[in-house]
Structure formats: structure tokens, C-alpha cells
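Comments concern the structure below.
Values quoted throughout were computed directly from the atomic coordinates according to the rules given, and no laboratory measurement underlies them. Since this is a predicted model, take the numbers as computed values, not measurements. So basically every Cβ, Gly included, is an ideal-geometry build from the backbone, and we count neighbours across all protein chains shown.
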Amino acid sequence: MATFIITSEDTLAKHNLAKLLKELRGSDTQRQFAKRLKISYTSIQDWEKQIRLPNEKNLQRIAQLKGWTYLELVLFLFGSDARSVITTTEPLEVIRACVPKLSPRKRQELEDYLSLPAEDSQRT
């Protein structure tokens with residue numbers, strides 16, 4: 001499990017969350033969607049209005065509903081700023097979540113790095 005520091009002032013994360021919630025909610029009302037997540041509808045209102053971010057437990061519920069891991073959700077919410085909110089986690093999880101977001105050039109750099117013998121890759 002990762003440990004994250006999430007500031008409530010992060011407007012990018014709030015914007016991305018609001019967009020995601022509206023997608024997940026579909027034609028459901030905020031009350032109906034809140035029942036699916038087992039939370040109050042006022043929480044959904046606050047999140048969609050970008051007033052605040054959910055706590056870790058609710059982020060996990062949202063990730064599960066989307067079919068993502070908690071880490072994938074955090075990376076989606078914070079975009080390229082995700083590295084600044086991840087304080088500790090399983091390194092392989094971070095790599096797996098980040099690889100799909102890499103440009104072709106960066107992906108090739110990673111492949112080249114991983115193809116080095118283990119003793120060479122530890123020196124860089």
C-alpha cells in the first residue's frame with residue numbers, strides 16, 4: 001500500500017476527480033451514485049463542485065468502481081504531478097502504473113535501461 005500526501009488545494013486533482021465522477025455516475029443522480037459508493041450525496045456534490053478531495057477510503061472505493069488500483073487513480077488525478085504526492089510505495093507498482101503514460105521515446109529509454117545487465121543498471 002502506498003502512502004500519499006494529498007493537499008486539498010490541488011485544483012488539477014479536483015478537476016480530474018469531478019470529470020471522472022460524472023463519467024462514472026452516468027445518468028444516475030448524485031443521490032443514487034452516493035448510495036453505490038455508500039457515502040453521503042453531499043460528498044458527491046462537494047467533489048463534483050471541486051470543493052474538496054475524498055479521503056483515502058473513498059478514493060479506494062472510486063478506484064474500485066472504475067476498475068483501477070488506488071495508485072492508478074492517484075496517478076490519473078494528479079497527472080504529471082503524481083511524483084510529488086507519492087512518498088512511498090512498492091516501486092514495481094509505480095512503474096506499472098506509469099508505463100502506459102510514457103511517450104514512445106521515454107518507453108524506449110526504459111526498455112533500454114531494463115535490458116542492461118543487473119550490475120550495470122544499478123550503477124546509474
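With 21 Å as the limit on Cα-Cα distance, the pairs of Lys19/Lys66; Lys35/Lys57; Lys66/Lys101; Lys19/Lys106; Lys22/Lys49; Lys14/Lys57 that go past it are Lys19/Lys106. Compared with the alpha-carbon gap, the fully stretched path from Gln50 to Ser115 is longer by 19.1 nm at 0.36 nm per residue.
When each of the peptides 36-46, 18-28, 96-106 is scored by how many other beta carbons lie within 10 Å of its residues on average, the order from highest to lowest is 36-46, 18-28, 96-106.
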